[in-house]
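The values are calculated or read from the model by the stated rules, or taken from the named source; none is laboratory data. What you see is a predicted model; the values in this text were computed from it and never measured. All Cβ positions, even for glycine, are placed from backbone atoms using ideal geometry, and neighbour counts span all protein chains on display. Ligands, DNA and RNA are excluded from the accessible area calculation, which covers all protein heavy atoms including side chains. Shrake-Rupley method; radii C 1.70, N 1.55, O 1.52, S 1.80 Å.
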Amino acid sequence: MLDAQFTPQVPHTVRLSDYRPPDWLVPTVALDFDLAPGCTRVRATLTVTRNGAHDRPLVLDGQELRLLSLTVDGVADATQPVGEHLTLRLAGDTAVIETLVEIVPSANTRLMGLYASGGNLCTQCEAEGFRRITFFPDRPDVLSTYSVRMKADARAYPVLLANGNMVARGDDDGGDTHWAEWTDPWPKPCYLFALVAGDLQPLRDRFTTMSGREVQLAIWTAAADVPRCAHAMAALKTSMAWDEVHYGREYDLDVFNIVAVADFNFGAMENKGLNVFNSKYILADPETATDADFDAVAAVVAHEYFHNWTGNRITCRDWFQLSLKEGLTVFRDQQFSGDQGSRAVRRIDDVRSLRAVQFQEDAGPTAHPIRPDHYIEIGNFYTATVYNKGAEVIRMLYTLLGEAGFRAGTDLYFERHDGQAVTCEDFVRAMEDASGRDLTQFRRWYEQAGTPRVGVTLAHEGSTATITLTQTTPPTPGQPIKLPVHLPLRLALFDRASGARIGDERLVELTEATTTVVIPDVPTRPVLSLNRDFSAPVIVEHACPAADRVFLSAHDDDPFARYEALQQLALDTLSAEGPCDDLVAALGATLGGDDPAFIAEAVLLPTEAFIGDQAAVVAVDAIHARREAVRHAAATAHRDAWWAAYRGNADAAYAQTPEAKGRRRLKNVALGYLMATGEREAEVAAYAQFENANNMTDRIAALSVLANSDAPERTAALAAFYDRFKGDASVIDKWFSVQAMSSRADTLAATIALTRHPDFSHNPNRLRSLVGAFGVNQLRLHAADGAGYAFLADQVLSVDPVNPSTAARLMTPLGRWRRFDEGRAALMRAQLQRLLKTPRLSKDVFEMASKSLA
Ligand code: B3K
Ligand code: ZN
């Protein structure tokens, strides 16, 4: 029995520069599972072939496997695993290796490999979970065709699923057990292997592909949840059609199955033909899911589906190339989501989360390029940088090459690399070859960490406008020197008097440290609109007069730029003392617009965390006080307009249309401002909305403002919500979150008390809903006495032995100590040191804590 809990003192660092092609290939794999939660036997038959002329042994990875027998070409072999490897010296160039191992799914709390969830058995193999199922060269550049046989108790596990197509099934033992055989014709790396056995019911549908093939679709879940799968199914069919139209990609199996499970480390997994989802991203109905939940379901369903081409048919050579599939697939799902509703609102949302999470990461101790070059635990690299900055890098290629050039690039990429495990470099080369553009300098985006800063000055003389743009990227750990990157900036000038744009928008390509753009025929000093639609993932430093921001917030013809002007004005205002009249007036003007979905996003003030990100040292309490004061000012100044926005959008009939969602959003943003007036009438309205809501968006919005208040109805509302939804995990997650996110002084005490609630558990969704939510509550996590930090570290230590990958994610906020005053920084460091001193710490938490302190 191997034991992965006992981590060596200093875990091994894996380096990109050490990459070597696999010594042995495994063209075919046959797996035979005798499934039971307490003891599962896995017989694996691998055909292996020597890759090239060498005499190195075959090294198989294995973790927490009990080896019962091993044969090589049918002959019993006594070799035993050493550590986490089984090393076999083979005489010939091919061999058949058969292993029989025993594993214990019910004891697998890491949720990697084969594990039990809600009475079902399921797998998660990416990145390195397959080695917890059987001995195998667990790396993405070993591609095999799989045939799978599984046998299980027929009553407990009436449904048996695996990748590909089912080819046979039958009963054993007079019907007490049954079995199924599945084969997947497409060679795949082992991280895409999946198997599910459970008491599940399908929501079925079908899709006819562009070449006329019919695909049977099914979403499998507990019987009671089947009606809640309709939105996911609709999204699946829409994404299948969208990928045909926009990328020419057709689905390639006769069946596509999705299974929803309650215990899952992240959102979902793109296993070939058998996606496994966190149920949070499948189940949705108006009563229990918010509009944001509905959108997230569609986005994640699309994302996993799109992986069929960007990830599965063409996969990664090694895990350093993760952004090859993730950045590209996030970009594709963002495009898809933009096409389903308002592109501008979707872009605002994407940029907001990029700035909130990725910019912080890029400025912190774990900053890494979208293609990292070393890691201790690859699970720590499923980051906003690899995913979301990765998507921004792809978006820049799209902007630079244009729609047609980009499509030619992806066409060439698919044609050239189908069936291969490739690198980010292969992708860029396909873009280069298809477009004829030289992307040499662009490649720096893959190598350099850190968010570039673009400084801007505008000069106007005679009738010439001169824009000077400088770029610098601050040092990041291990990368003291940064070179200029190739970045596309969309910009436009506006005429101050008429409000009209002067000429066309320009696409300026920055390649040098300094770039000068001279624009003739500009008679009066213009207003500059820069980085429109957020064309590059940079921080723009432009000492722009408040009047220009106010102007752009009203007149810019790029909706993202209108939003951005207001955000920057708000940041300027919130980061300083003094009057806030310009901002309040601009908010009022925006509130008078005619697109509720856009207004709702534009009038939201930047979060306390984002305000903190702008300063050298985060002034926790002052930021909160200032933001509340400005919110109060904006609320009272436009009191009647907020009430009009609230009441005017309150009677909308429930529908999942962009229009209805936009109106709900504006109504609930207005409710937030009304609460900031401090008027009793607002509390009464919130409670009435809470009680009478016919959908979760309205109910949780009302509960959330009440939870953040001293309203007399607060306690009753929280209790009523719990009673109404107890037993529904995803809704109870929201109940935990609204309490952990409250700005009230008793939030830490309440959060600690909630860890003793009978519904609190180590389920990843539940941990994120309480501990994760508290971790982003800047005001209360960063209480000056350090109690918030101690709580977070307690939780990390409690979760680490159970589920290290989740523990490592929960501790991220502690790594930001350099951004706080010395008192807080010392308290944060003390908790990181406490983590590092803990015996038997996982390598996941070790890597995060040691990098945070370095
Ligand atoms: N590829 C998976 C993520 C797996 C995470 C492993 N630690 C989901 C996705 O990005 O689509
Ligand atoms: Zn993905």
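Grab the beta carbon distance between ARG506 and ALA554, set R0 = 22 Å, and tell me the FRET efficiency rounded to 0.05.
In this case the efficiency is close to 0.50.
Ignoring ligands, DNA and RNA, please state the percent of accessible area on region 780-837 from carbon and sulfur, probe 1.4 Å.
Carbon and sulfur together cover 57 percent of it.
Modelling each spin label as a point 7 Å along the Cα-to-Cβ direction, I'd like the ARG680/ASP339 distance in nm, to one decimal.
5.4
Starting from the Cα of ASP640, step 7 Å along the direction of its Cβ; do the same at ASP759; then give the gap between the two resulting points in nm.
Here the answer is 4.3 nm between the modelled labels.
What is the sum of charges, Lys and Arg at +1 and Asp and Glu at -1, for the other residues whose Cβ falls under 11 Å from the Cβ of PRO712?
Result for the neighbourhood of PRO712: -1.
Putting +1 on Lys and Arg Cβ atoms and -1 on Asp and Glu Cβ atoms, find which of ILE103, PRO81, ASN120 reaches farthest to the positive end of the dipole of region 77-147.
Looking along the dipole axis, the top candidate is ASN120.
Go through region 754-768 residue by residue and turn each phi into a ³J(HN,Hα) via Karplus (6.51, -1.76, 1.60, θ = phi - 60°); whole Hz please, and just put x for glycine and proline.
Along region 754-768, the couplings run 5, 5, 9, 5, x, 8, 6, 7, 8, 4, x, 5, 5, 4, 5 Hz.
For region 114-171, which whole percent of the accessible surface, found with a 1.4 angstrom probe, sits on carbon and sulfur atoms?
Looking at region 114-171 in its full context, I get 45 percent from C and S.
How much length, in nm to one decimal, is gained on full extension between ASP821 and SER211, taken as 0.36 nm per residue of separation minus their Cα-Cα distance?
213.4 nm
What do you get for the angle between helix 322-340 and the principal long axis of the chain? Use alpha-carbon atoms, 0 to 90 degrees, nearest ten.
The angle comes out at about 50 degrees.
Divide by every residue of the chain the summed helix terms, -39500 (n - 2.57) for each DSSP H run of at least 4, and state the resulting mean residue ellipticity at 222 nm, rounded to the nearest 500 deg cm²/dmol.
-11500 deg cm²/dmol
In whole angstrom, note down how far apart the Cα centers of region 253-297 and region 464-508 are.
Taking the Cα centre of region 464-508 as reference, the centre of region 253-297 is 39 Å away.
Taking only protein heavy atoms and a 1.4 Å probe, what accessible area per residue, in Å², does region 430-474 have with all protein chains in place?
About 39 Å² of surface per residue is accessible.
In terms of the Cα gyration tensor, with a ≥ b ≥ c the square roots of its eigenvalues, is region 719-854 rounded because a/c is under 1.5, prolate because a/b exceeds b/c, or oblate?
Oblate shape, in that a/c is at least 1.5 and b/c is the bigger or equal ratio.
Using only the Cα atoms of region 249-402, build the gyration tensor, take square roots of its eigenvalues as a ≥ b ≥ c, and label the shape rounded, prolate or oblate: rounded if a/c is under 1.5, else prolate if a/b is larger than b/c, else oblate.
It is rounded, given that a/c, with a ≥ b ≥ c, falls under 1.5.
Under the Karplus relation 6.51 cos²θ - 1.76 cosθ + 1.60, θ = phi - 60°, what is the ordered set of whole-Hz ³J(HN,Hα) values for region 820-827, x standing for Gly and Pro?
Values, residue by residue: 10, 4, 4, x, 5, 4, 5, 5 Hz.
Which pairs in the list LYS389/LYS851; LYS482/LYS851; LYS667/LYS726 are over 23 Å apart, alpha-carbon to alpha-carbon?
Cα-Cα > 23 Å for LYS667/LYS726; rest within.
Sort MET210, MET166 by accessible area with a 1.4 Å probe, largest first.
MET210, MET166
By how many degrees, between 0 and 90 and to the nearest 10, does the Cα long axis of helix 639-648 differ from the longest principal axis of the chain?
50
What is the chain by shape, rounded, prolate or oblate, if you read a ≥ b ≥ c off the alpha carbon gyration tensor as root eigenvalues and call it rounded for a/c under 1.5, prolate for a/b larger than b/c, and oblate otherwise?
prolate
From the cross-link list LYS188/LYS734; LYS188/LYS280; LYS188/LYS837; LYS280/LYS843, which pairs have alpha carbons spaced over 32 Å apart?
Where the Cα-Cα span goes over 32 Å, the pairs concerned are LYS188/LYS734; LYS188/LYS837.
Net charge near GLU505: determine it from the other residues with C-beta under 9 Å of the C-beta of GLU505, scoring Lys and Arg +1 and Asp and Glu -1.
+1
Can you run phi through the Karplus equation (6.51, -1.76, 1.60; θ = phi - 60°) for region 716-725 and list ³J(HN,Hα) in whole Hz, with x for Gly and Pro?
With coefficients 6.51, -1.76 and 1.60, one gets 5, 5, 4, 5, 5, 4, 4, 4, 5, 10 Hz.
Hey, how many Å between the Cα centroid of region 41-106 and the Cα centroid of region 140-207?
23
Which residues' amide hydrogens lie under 5 Å from the amide hydrogen of ARG139, considering only partners 5 or more residues apart or on another chain, with H built in the peptide plane?
Distant-sequence amide H within range of ARG139: CYS190.
Rounded to the nearest Å, what's the spacing between the alpha carbon centres of region 779-845 and region 600-645? Just the number, please.
Centre-to-centre distance over Cα atoms comes out at 28 Å.
Once the piece of chain linking ARG453 and ASP285 is laid out straight, how much longer is it, given 0.36 nm per residue of separation minus the C-alpha distance between them?
56.2 nm
Quick check for you: with a 1.4 Å probe and neighbouring chains kept, what is the accessible area per residue of region 287-350, in Å²?
Per residue, region 287-350 has an accessible area of 21 Å².
So for the pair VAL617, VAL518, with labels modelled 7 Å out along Cα→Cβ, what separation do we get in nm?
Using points 7 Å along Cα→Cβ, the separation is 4.6 nm.
If R₀ is 51 angstrom, what is the calculated FRET efficiency for the pair SER106 and ASP438, using the beta carbon separation as r and rounding to 0.05?
0.35
Skip the ligands, DNA and RNA, and give the accessible area per residue of region 621-693 with a 1.4 Å probe, whole Å².
Result: 43 Å² per residue.
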